[in-house]
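Undergrad: One structure coming up, written as structure tokens, with questions to follow.
Read the figures in this text as sums done on the coordinates, not as results from a lab. This is a predicted model, so every value here is computed, not measured. Cβ sites come from the backbone with ideal geometry, for glycine too, and all protein chains shown count toward neighbours.
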Amino acid sequence: MSKEYFKISSGLKNLIGSELITDNFVAVFELVKNSFDAKASEVKIIFENIYSENAKIIIQDNGKGMDYDDLINKWLFVAYSAKRDGTEDSNKQINYYAGAKGVGRFSCDRLGRYLNLVTIKDKPNAQIENLYVDWKKFEEDQKKEFIKIPVEHNVLSKAPYNLKKGTILEISGINPEEWNRDNFIRLKDKLSKLVRPDLNKSKKQKPFKILLEVEAEKQNDLKEIETNREKGEGFVYRNTVNGEIENFIFDELDIRTTKIISEVSSDGKYISTKLIDRENYIYEIKERNKYGLLEDVSIQLYFLNRAAKNIFTRKMGIEAVNYGNVFVYKNGFRILPFGEPRVDILGIDARALQGFSRYIGTRNLIGQIEIFGDNKELRETTSRDGGLVKTKTYSELVDYFFESLRRLEKYVVEVTDWGVDDDNIDNLNSNEIKEKLVKLISNIADDKELLELNYNSDIINLLKNQEENSAKKLIKNFKRLAAESNNPTLLKDAKRLEKTLTTALEAKKSAEKELETTAKQKKVVEAELEQQVSETLFAKADRATEKDDLLSIQHHIYRHSAQHITKYIDDLVDAINKDKSKDDLLKLVSKISFENKKVITLSRFVTKAQFDTTVTKINADLISFVNEYVVNVYQEYRHLMMNNQTMTIKAEKPTGITFNTSFRSIEMIIILDNLLNNSLKAKAKNVSVNWKSINSSEIELHIKDDGIGIPDKNLDKVFDARFTTTNGSGLGLYHTKEVIEKLGGKININNKLKQGVEFIIKFKK
């Protein structure tokens with residue numbers, strides 16, 4: 001039996017070069033990775049005479065360089081990787097590499113026809129080694145064997161570009177049409193994402209600087225800086241070519257958003273997770289690693305609230321959605337195409353669609369997964385933009401990622417309500433937020449796999465206001481964790497909690513007695529109010545339809561009383577529970593009394609304003625009536641209606657225009673209340689009330705706000721009974737349309753505003 005051997009065609013060069021490397025950007029990435037693996041602290045990417053026939057791409061690093069033996073037995077050894085077989089370094093220091101396929105050098109073929117390699121080994125008296133490759137020779141005859149194509153070798157007496165150590169790749173024979181300013185900016189953008197944002201701060205990785213130099217674009221850069229300096233450093237950075245490649249976005253995001261950091265220990269035994277909200281430490285846990293195939297992996301995720309997105313756009317000169325989402329790095333270098341805009345290999349958006357109110361999608365998420373070490377089960381696919389090979393270890397990595405994401409979601413959704421008050425960092429100190437946080441910490445502490453738990457100490461101070469059984473459960477879990485982890489601080493907190501709970505229970509009994517007295521006062525106030533409303537509005541209504549309308553007005557007034565006065569009473573009880581001073585308690589009682597007087601005043605408006613509700617209709621100037629009600633009544637008492645929301649109403653009576661007609665005052669109040677309350681619900685800050693005269697018998701009332709507006713898909717439904725997008729009944733706009741049509745008028749909606757909505761009501765005499 002004879003033995004035969006494969007022959008290798010010279011066409012192999014294309015398979016592992018220009019055809020494997022998908023584009024020029026990926027080719028540059030591969031060569032930069034090689035510089036990183038060569039222990040360079042700096043690599044320069046220089047485009048020389050790029051818009052001419054003599055164009056060159058020069059990639060120069062200050063790494064350890066190569067000698068003749070390295071060139072022959074490593075660089076010219078196709079598909080051999082000294083990194084992979086562990087022979088790259090003679091010392092015993094553990095080193096991790098960005099690439100280990102042994103074909104990255106063929107990226108040079110993708111960029112240009114000729115390669116002139118100059119390298120100097122980092123050792124005394126090293127020779128200046130030189131290789132010259134004409135890649136076209138591998139394409140002339142594919143029947144010719146790969147190993148028969150010659151590569152020129154020389155020893156130089158002088159190194160170009162002042163090279164002292166390291167390697168220079170001088171690539172020529174470039175197609176100038178492949179490069180322009182837009183492509184250079186794209187390259188810079190992609191290079192900024194190539195290296196982990198905090199690489200130079202990592203204790204596990206050496207510093208690494210990337211410099212881009214395009215002489216032909218320096219003048220254009222200066223013009224761009226001068227023209228757009230006021231737009232911020234992010235915009236200028238992204239729209240200029242030359243300079244150091246930077247990625248500072250995570251540092252900027254820290255102050256405006258919520259982040260979670262989770263790490264699998266290097267020995268694979270434990271997982272540590274920390275949650276931070278806008279620089280406020282929330283909690284930190286340590287648990288056993290349930291992912292047996294994972295070790296030395298970290299995950300860092302940011303929830304992009306509104307403020308964070310604004311910061312991102314201002315600093316980076318691009319919206320977050322167009323930047324990318326979750327990037328994956330191995331030993332400091334990015335694995336493509338993870339993180340690319342609108343690329344969702346991990347299935348984040350597919351999951352979010354299953355529960356849009358509970359799950360975070362890529363539009364609100366940015367972060368990184370970092371893989372350290374030489375885990376061969378977490379390796380890149382052969383294609384340079386194909387991601388990671390789908391192994392069991394990869395499946396565990398995905399599961400670990402979503403577990404971290406769920407913990408971030410639990411806080412964002414259940415505690416901060418999707419960062420609704422993201423601009424108000426002080427909101428984190430509100431009792432409502434802290435109470436939700438206590439519940440979250442309690443649930444975390446209930447996990448039997450938990451080994452350690454640390455938390456914001458301010459949380460403990462709220463436990464006296466918690467439900468008794470919940471507090472007892474948390475104390476029990478704290479004691480268990482303290483015993484299992486031998487944590488004296490946790491045990492001390494548990495004992496302090498027990499004392500706090502006992503004190504709270506005693507205070508609760510005292511507060512309940514005070515509450516009984518306050519509740520009786522509340523009932524008296526509400527009874528007086530109801531009687532006042534009944535006497536003022538109901539006594540002389542002589543029609544069933546009229547009574548229904550009057551009941552609507554009464555409902556508004558009563559709701560104001562119930563909501564606002566009740567809130568102050570609840571605040572009073574809370575103040576009693578917290579042992580507030582006598583002065584603080586008296587202030588709250590004073591507020592209750594004052595609000596009662598304001599609501600009674602509102603109920604008397606109709607009669608005090610000289611509009612008689614006991615008759616079917618009145619004859620008056622409609623414009624004067626509307627303006628008087630909006631300015632003197634609604635404007636004054638609007639804060640009673642909805643959470644003390646600030647909303648400015650501008651209502652000016654037009655000069656020289658009157659519209660005397662017959663109408664019922666109560667009906668007009670119903671119309672105005674419903675439309676203005678709709679603006680409040682839409683979170684409008686400004687409302688304008690204007691009039692437009694059509695002719696002697698017709699007039700239009702325009703009510704325009706700057707709220708969230710009405711989606712086009714809902715325009716045909718807003719006047720339908722029971723249709724609502726809020727917690728309301730869905731009857732307000734329905735009744736408004738009915739009343740207007742009963743008056744012989746029409747109501748239309750202008751939804752083409754940049755912000756908000758405009759209601760247009762046409763009245764006829």
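Undergrad: Using the 10 angstrom Cβ neighbour count as an exposure proxy, how do K617, K259, K165 rank, fewest first?
TA: Details: K617 13, K259 21, K165 18.
Result, fewest neighbours first: K617, K165, K259.
Undergrad: In addition: Find out how many positive minus negative residues lie around E224, taking Lys and Arg as positive, Asp and Glu as negative, among other residues whose Cβ is under 12 Å from that of E224.
TA: Working: positive: R181, K218, K223, R229, K231, R238; negative: E217, D221, E226.
Charge balance in the 12 Å sphere: +3.
Undergrad: Of E224, E178, how do they rank once you tally other Cβ atoms within 10 Å and put the fewest first?
TA: Working: E224 18, E178 13.
Neighbour counts put them in this order, fewest first: E178, E224.
Undergrad: Between K286 and K206, how many nm apart are label points set 7 Å from Cα along the C-beta direction?
TA: Taking the simple label geometry, K286 and K206 are separated by 3.2 nm.
Undergrad: Can you give the charge dipole size of segment 643-685 about its Cα centre, rounded to the nearest 20 debye, using +1 on the beta carbon of Lys and Arg and -1 on the beta carbon of Asp and Glu? Spell out each step's value before the answer.
TA: Details: 6 positive and 3 negative charges, 40 e Å.
Rounded to the nearest 20 debye, it is 200 debye.
Undergrad: Can you pull the one-decimal nm distance between simple spin-label points at E319 and E139, each 7 Å off the Cα toward Cβ?
TA: 4.1 nm
Undergrad: Roughly how big is segment 249-426's charge dipole about its Cα centre, with Cβ charges of +1 (Lys, Arg) and -1 (Asp, Glu), in debye to the nearest 20? Intermediate results must be reported in sequence, preceding the final value.
TA: Details: 26 positive and 30 negative charges, 87 e Å.
It comes to approximately 420 debye.
Undergrad: Still on this structure: At q = 0.11, 0.19, 0.20 Å⁻¹, what is the log10 ratio I(q)/I(0) for segment 249-426, with the Debye formula run over Cα points and no solvent?
TA: Evaluating at q = 0.11, 0.19, 0.20 Å⁻¹ gives log10 I(q)/I(0) of -0.46, -1.37, -1.48.
Undergrad: Sort T381, T655 so that the residue with the fewest other Cβ atoms within 10 Å of its own Cβ comes first and the one with the most comes last.
TA: Details: T381 13, T655 5.
So the residues, fewest neighbours to most, are T655, T381.
Undergrad: When Lys and Arg each count +1 and Asp and Glu each count -1, what net charge do the other residues less than 10 Å away from N748, Cβ to Cβ, add up to? Don't skip to the end; give the middle numbers.
TA: Numbers: positive: K746, K762; negative: E700, E758.
Taking every other residue near N748 into account, the sum is 0.
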